[in-house]
Amino acid sequence: MSYHLTVNGTATEVAVPGMRRLLDVLREDLGLTGSKEGCGEGECGACTVLIDGAVAVSCLVPVCQVDAAVITTVEGLATPTTGLSSLQQAFLETGGAQCGICTPGMLLSGQAFLDSGAEPTDDAIREAIAGNLCRCTGYTKIVEAVALAAGRRDETGA
Amino acid sequence: MTIAARPGRAVGAPLRREGPAKLTGTALYTDDLVFPGGWYGTTIRSTEPRARLVAIDLDPAFDWSRVAVVTADDIPGDNVVASIAADQPILVPVGGEIRHQAEPVALLAAADRETLREARLRVRLRTEALPPVFDPLASTVEFARYDLAKGDVDAGLASADLVVQGTYRVGHQEQLYIENNAMIAVPRAGGGVIVHGSLQCPYYVHKALKRGLRIGSEQAQVVQAETGGGFGGKEEYPSMIGLHAALLALRTQRPVRMIYDRHEDLAATTKRHPAIVTHRTGVMRDGRVVAQDIDLVLDGGAYTTLTPVVLSRATIHAGGPYDIPNVRIRGRAVMTNTPPNGAFRGFGAPQSEFAAETQLNRVAEAIGMSPLDVRRRNVYRLGGITPTQQVLRGGVAGEEVLERAAEASEFDRVRVRTAESRGRRSPRDRTARGIGLALAWHGAGFTGSGEAKMGSVVSVELSGDGVVRILTASTEMGQGTKTIFPQLVAAELGLPIEAVEMAPQDTALVPDSGPTVASRTAMVVGGMTIQAARRLREAVEGRTGRPFATSYRDDAADHGATRIDQAFEPYPGVGFDDATYTGDAYPAFGWAAAVAEVEVDLDTFEVAVRSIVAVDDVGRVIHPVLCEGQVEGGTLQAVGYATIEEIKLLDGRYLNDRLQTYLIPTALDAPRIETILVESPFAGVPHGAKGVGELPMDVGAPAVVAAIHDATGAWIHDLPATPERIMAALVGIDPPGPPGISTVSPRRAADGDTER
């Protein structure tokens, strides 16, 4: 079978079995290794991507379910022209990334939260990233990073 | 105490050097590396806790021509994973003894995962069961033993107004780095292998490859990939996986990928040692502790691994940060038929200091003194003498971290409030709040003569084309090594941090700077890096007569490359005698205090840790953001240890060996953490840093357990303080079994083949 995906703005066609995990399609068929596998059972969130703007763990999604969908991975957040996204820049400044293995998934959950326009309270941010495990940071600086990016968004109206 | 020069001090903290790569998904972790033509490898493991391996049967109906099979017979060198003792095999040989569940017995590789999965099912291990030992107190095999004595304990106990006794037990804890263990071996053109992997200690793997494969130093090349967390869990086991990948690569003459999934990583790799600690404490009515009699048993699991060194640290820290005149500590580590335990942040100290702090809180309660005052009364001060007869000559900050934590958390005021609400509690109340305090010390760097024996080297070079580069085997795994080392060198040379490069952690390029463990990177290796940079500066300035920063490019052009190799030089006045086990156990100590506030659900007995004030004396802060990050992360690992992280065992096998069943705290479970950094420097290194990684791990758990007591009135002696244990303590029913000790299945018990 062949499936049509738009990944980070680029239309792509992959000819793979329908039950192949989206994570494997991204990492092995498309060479986008930014999405990580930490458990393979949807617990750790390291493989988090956005599917049509919604947060999903790509290790639990067979590719047949995302035919014609728009996928965003960590590789789609920064661009050569604009550089790091506002959220990536905030992670860099606050120290939100340590070993970096949870970071791609964490960024996408954080980005979905920012895109939702929700009020960036401490509780709301923690709720938004509760599906992403981090063993390095104690989450403190990740929450700070999301709040910082939200604050800048609200200041600039961007 | 202050030191005049502060070369390690950052003016403005730079951004994490490899941050952009990690944030854009371009940082390459082991499983992200592509090697065309590579095969996949897998490990066939034991499914019994103890047995004689009679045969490895390959199903003759299966087409084995597509699969590479490696057994112990195929190992060219010694069938030993090089470590402290030579007892752990790379693969159990036929005729040999299986000593634990999930022990490696054979290796398979194939071109695709399907073939490999099918082949796995066609291998059968024939065994004869042997009786396993699960209870460390029943074990007759001792890996190590240490006895410490100061003063006269029996006389001290006899003179005390009150003697308090208690036994504390802690179970396994999994490091749970989010990146599982992973190694890829590639055959080298000139013989031997290159191993790329997720690891803390390139030269440990290097040493293991040389011995197991019988190859020379150049033929064994180890390259660290980006590493997604370690916490001690990637200190020793990568040697085993690296050997496995290398054996398959040499057999197939292809790259072979050994990428563990979470289940295999949890089932087979090392954990924090379970411990049983018994205290007898003699105390006077005025709060002076006059005697400590401590007995400590660590469960090492099936092989020696790093256990003797873990025990050494556990024993030395077992009394806590208190100057007690009469102390006896007896520590021993024993074998059980469970997977080997190893390094995990804190390295024995979190176990023994949980016991020490909980015991001291019970002592304070027994004499009607506040937990804060009993610590003020007994904490080490300058000139204090430890149980190894070490005189604390500088950098003693126990009092300071204690007072800062009490002040920032308003400990006394909150404690009055929680006591009032406890007094007014009615059956209609659904929750209870409490506050708890803990204090700890943590020896900086290796224990005893470890550092002197290691003989580490760091190099700083000025290349012929004018680039300043640091060459070190110290790895980055989240702590920020690649940021702080360039900071230290840039400050010494008067350069912007961007002008200083870090060479990759590749044994073909960098010298052996020792392992990235024991919180030694910032203090020990950082200090050597500054020394090397200083010598480079002096050499260049000697030639050019101008400051380094304005003359080094000219010097490189005129004079060519200059490389300084800096070997570790023992710190003046620091000495330890291994034979008598006395002297300076550590060059310096870090000090930590934590105050935790918890809310206990009185229906479910679940504990929510609301906040933690963490005060840590790190000697000198090199990078405030990275340093706080270490404290916050370590604090949350300690909260997990205190409340939810527990491994259950059946017949020596870990039962909750998946991420659906082994739980760690999420962002919603995590307390609000306030970090206060204290600087009480170590004078033996130019920058004064004492390390930070392990320090916060020692105090979190006892602070949380003290807060649970403040909320409920129940003392929890066994970690983790699960709802079941809290309910048992409050309602008076039988508690769940002790943590860390395997239960025995009815079938096995009926066979009578278990010594207990």
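The values are calculated or read from the model by the stated rules, or taken from the named source; none is laboratory data. Since we're looking at a predicted model, the values are computed, not measured. With ideal geometry, Cβ positions are generated from the backbone for all residues, glycine too; neighbour counts draw on all protein chains shown.
Report whether or not B:I84 is over 20 Å from B:I259 (Cβ atoms) and either touching a Lys or Arg at 6+ places or on another chain (Cβ under 7 Å) or among the charged types (D, E, K, R) (or both). First the steps, then the outcome.
Values: over 20 Å from B:I259 (Cβ atoms): yes; either touching a Lys or Arg at 6+ places or on another chain (Cβ under 7 Å) or among the charged types (D, E, K, R) (or both): no.
Spelling it out, it is not the case that B:I84 is over 20 Å from B:I259 (Cβ atoms) and either touching a Lys or Arg at 6+ places or on another chain (Cβ under 7 Å) or among the charged types (D, E, K, R) (or both).
Which of the residues belonging to the range A:90-121 are part of a loop (DSSP other than H, G, I, E, B), at the interface with chain B (Cβ under 10 Å from one of its Cβ atoms) and either hydrophobic (A, V, I, L, M, F, W, C) or within 17 Å of the chain's Cα centre (by Cα) (or both)? First the steps, then the outcome.
Of all residues in the range A:90-121, those part of a loop (DSSP other than H, G, I, E, B) come to A:95-102, A:117-121.
Right, trim to at the interface with chain B (Cβ under 10 Å from one of its Cβ atoms) and you get A:95-102.
Hits for the range A:90-121 are A:G96, A:A97, A:Q98, A:C99, A:G100, A:I101, A:C102.
Which members of the range B:274-319 meet the condition of being without any contact (Cβ under 8 Å) to a residue 60 or more places away in the chain and either assigned to a helix (DSSP H, G or I) or among the aromatic types (F, W, Y) (or both)?
Passing the criteria: B:V310, B:A314.
For the range B:185-208, which positions are of a type outside the set (A, V, I, L, M) and without any contact (Cβ under 8 Å) to a residue 40 or more places away in the chain? Lay out the reasoning, then the answer.
First, pick out the residues of the range B:185-208 that are of a type outside the set (A, V, I, L, M): B:187-188, B:190-192, B:196-198, B:200-204, B:206-207.
Scanning the range B:185-208 gives B:R188, B:G190, B:G191, B:G192.
Given the condition among the polar types (S, T, N, Q) and farther than 19 Å from B:W441 by Cα, answer yes or no: does some residue in the range B:626-646 qualify?
At the first step, the residues of the range B:626-646 found to be among the polar types (S, T, N, Q) are B:630, B:635, B:637, B:643.
Restricting the remaining residues to those that are farther than 19 Å from B:W441 by Cα gives B:643.
Looking for residues that are among the polar types (S, T, N, Q) and farther than 19 Å from B:W441 by Cα, one finds at least one in the range B:626-646, hence yes.
Are any residues in the range B:371-392 within 26 Å of B:Y146 (Cβ to Cβ) and either of a type in the set (D, E, K, R) or in a loop (DSSP other than H, G, I, E, B) (or both), and if so, which ones? Please lay out each step first, then the result.
Our first condition is that a residue be within 26 Å of B:Y146 (Cβ to Cβ); within the range B:371-392, this holds for B:375, B:378-381, B:383-392.
Once the filter is applied, which keeps residues that are within 26 Å of B:Y146 (Cβ to Cβ) and either of a type in the set (D, E, K, R) or in a loop (DSSP other than H, G, I, E, B) (or both), the range B:371-392 yields B:R375, B:Y380, B:R381, B:G383, B:G384, B:T386, B:P387, B:T388, B:Q389, B:Q390, B:L392.
Looking at B:V625, is it within 28 Å of A:A90 (Cβ to Cβ), among the β-branched types (V, I, T), surrounded by fewer than 24 Cβ atoms within 10 Å (Cβ to Cβ) and outside the structural domain of B:T483 (by TED's automatic domain parsing)? Give the steps one after another, and end with the answer.
Numbers: within 28 Å of A:A90 (Cβ to Cβ): yes; among the β-branched types (V, I, T): yes; surrounded by fewer than 24 Cβ atoms within 10 Å (Cβ to Cβ): yes; outside the structural domain of B:T483 (by TED's automatic domain parsing): yes.
Yes.
Could you list, in sequence order, all residues of the range B:435-470 that are part of a strand (DSSP E or B) and under 26 Å from B:I497 (Cα atoms)? Quick ask: steps written out before the conclusion?
Step one: of the range B:435-470, the residues part of a strand (DSSP E or B) are B:435-443, B:457-462, B:468-470.
B:V457, B:V458, B:S459, B:V460, B:E461, B:L462, B:V468, B:R469, B:I470, listed by residue number.
From the list B:G346, B:G395, B:G368, exactly one residue is surrounded by fewer than 23 Cβ atoms within 10 Å (Cβ to Cβ), at positive phi and assigned to a loop (DSSP other than H, G, I, E, B). Which is it? So that I can check it myself, show each step before the final result.
Values: B:G346 fails: surrounded by fewer than 23 Cβ atoms within 10 Å (Cβ to Cβ); B:G395 fails: surrounded by fewer than 23 Cβ atoms within 10 Å (Cβ to Cβ).
Of B:G346, B:G395, B:G368, the one residue that is surrounded by fewer than 23 Cβ atoms within 10 Å (Cβ to Cβ), at positive phi and assigned to a loop (DSSP other than H, G, I, E, B) is B:G368.
Within the set of pairs 6 or more residues apart or between chains, which connect a residue that is more than 7 Å from chain B (Cβ to nearest Cβ) and closer than 14 Å to A:G76 by Cβ inside the range A:27-46 to a residue that is hydroxyl-bearing (S, T, Y) and assigned to a loop (DSSP other than H, G, I, E, B) with Cβ atoms less than 6 Å apart?
Taking only residues 6 or more apart or on different chains, the pairs are A:L32/A:T73; A:S35/A:T73.
When you check B:V500 against the structure, is it touching a residue at least 60 places away in the same chain (Cβ under 8 Å) and either over 23 Å from B:V222 (Cβ atoms) or among the charged types (D, E, K, R) (or both), yes or no?
So B:V500 does not fit the description; no.
Based on what the data block shows, is B:R422 touching a residue at least 60 places away in the same chain (Cβ under 8 Å) and surrounded by fewer than 23 Cβ atoms within 10 Å (Cβ to Cβ)? Even if it seems obvious, please write down each step before you answer.
On the way: touching a residue at least 60 places away in the same chain (Cβ under 8 Å): yes; surrounded by fewer than 23 Cβ atoms within 10 Å (Cβ to Cβ): yes.
Yes, satisfied.
Inside the range B:633-663, can you point out the residues that are of a type in the set (A, V, I, L, M, F, W, C) and either within 14 Å of chain A (Cβ to nearest Cβ) or part of a helix (DSSP H, G or I) (or both)? Break it down stepwise before answering.
First, the residues of the range B:633-663 that are of a type in the set (A, V, I, L, M, F, W, C): B:636, B:638-639, B:642, B:644, B:647, B:649-650, B:655, B:659, B:663.
Listed by number, the residues that qualify are B:L636, B:A638, B:V639, B:A642, B:I644, B:L659, B:L663.
Is it the case, given these coordinates, that B:E18 is farther than 30 Å from B:T127 by Cβ, modelled with pLDDT of 95 or more, surrounded by 15 or more Cβ atoms within 10 Å (Cβ to Cβ) and among the charged types (D, E, K, R)? Please lay out each step first, then the result.
Numbers: farther than 30 Å from B:T127 by Cβ: yes; modelled with pLDDT of 95 or more: yes; surrounded by 15 or more Cβ atoms within 10 Å (Cβ to Cβ): yes; among the charged types (D, E, K, R): yes.
Answer is yes for this residue.
Of the conditions (1) farther than 29 Å from A:C59 by Cβ; (2) touching a Phe, Trp or Tyr at 6+ places or on another chain (Cβ under 7 Å); (3) among the basic types (K, R), B:R257 fails just one. Which one is it?
Here B:R257 clears every test but (1).
So A:C64 clears everything in (1) away from chain B (no Cβ under 12 Å); (2) not in a helix (DSSP H, G or I) except one condition, right? Which one?
(2)
In the range B:649-673, which residues are within 13 Å of A:T137 (Cα to Cα) and surrounded by fewer than 20 Cβ atoms within 10 Å (Cβ to Cβ)?
Matches in the range B:649-673: B:T666, B:R672.
Look at the range A:67-89 and say how many of its residues are in a helix (DSSP H, G or I), more than 26 Å from A:T140 (Cβ to Cβ) and away from every other protein chain (no Cβ under 11 Å). Before the answer, list the steps.
First pass over the range A:67-89, keeping only residues in a helix (DSSP H, G or I): A:74-76, A:86-89.
Those still in the list that are more than 26 Å from A:T140 (Cβ to Cβ) too: A:75-76.
Checking which are away from every other protein chain (no Cβ under 11 Å) leaves us with none.
Residues flagged as in a helix (DSSP H, G or I), more than 26 Å from A:T140 (Cβ to Cβ) and away from every other protein chain (no Cβ under 11 Å) within the range A:67-89 amount to 0.
I'm told B:I215 meets every condition in (1) of a type in the set (A, V, I, L, M); (2) within 14 Å of chain A (Cβ to nearest Cβ); (3) in a loop (DSSP other than H, G, I, E, B) except one. Can you identify the failing condition by its number?
Single failed check for B:I215: (2).
Taking the stated definitions as given, is B:I178 within 14 Å of chain A (Cβ to nearest Cβ), part of a strand (DSSP E or B) and of a type outside the set (K, R)? Steps first, please.
Numbers: within 14 Å of chain A (Cβ to nearest Cβ): yes; part of a strand (DSSP E or B): no; of a type outside the set (K, R): yes.
Considered against the rule, which asks whether it is within 14 Å of chain A (Cβ to nearest Cβ), part of a strand (DSSP E or B) and of a type outside the set (K, R), B:I178 comes out as no.
Given the conditions (1) part of a loop (DSSP other than H, G, I, E, B); (2) over 13 Å from the mean Cα position of the chain (by Cα); (3) within 30 Å of B:L176 (Cα to Cα), which single one is not true for A:G18?
For A:G18, the failing item is (3).
For the range B:526-617, which fully contained strands (runs of 3 or more DSSP E) count at least 2 residues that are closer than 30 Å to B:Q389 by Cβ and in contact with a strand residue (DSSP E or B) (Cβ under 7 Å, 6 or more places away or on another chain)? Quick ask: steps written out before the conclusion?
On the way: elements: B:562-567, B:589-601, B:607-617.
The qualifying strands (runs of 3 or more DSSP E) are B:589-601, B:607-617.
Would you mind telling me which numbered condition in (1) over 24 Å from B:L23 (Cβ atoms); (2) within 11 Å of chain B (Cβ to nearest Cβ); (3) not in a loop (DSSP other than H, G, I, E, B) A:D24 fails?
Answer for A:D24: the failing condition is (1).
Run down B:D601, B:D617, B:D584 and say which single residue is more than 18 Å from B:T358 (Cβ to Cβ) and surrounded by fewer than 22 Cβ atoms within 10 Å (Cβ to Cβ).
B:D601
Could you tell me how many of the residues in the range B:231-241 are closer than 18 Å to B:S513 by Cα and within 11 Å of chain A (Cβ to nearest Cβ)?
Keep residues of the range B:231-241 that are closer than 18 Å to B:S513 by Cα, which gives B:232, B:234-236, B:238-239.
In the following step, the residues that additionally are within 11 Å of chain A (Cβ to nearest Cβ) were identified as B:234.
Of the residues in the range B:231-241, 1 are closer than 18 Å to B:S513 by Cα and within 11 Å of chain A (Cβ to nearest Cβ).
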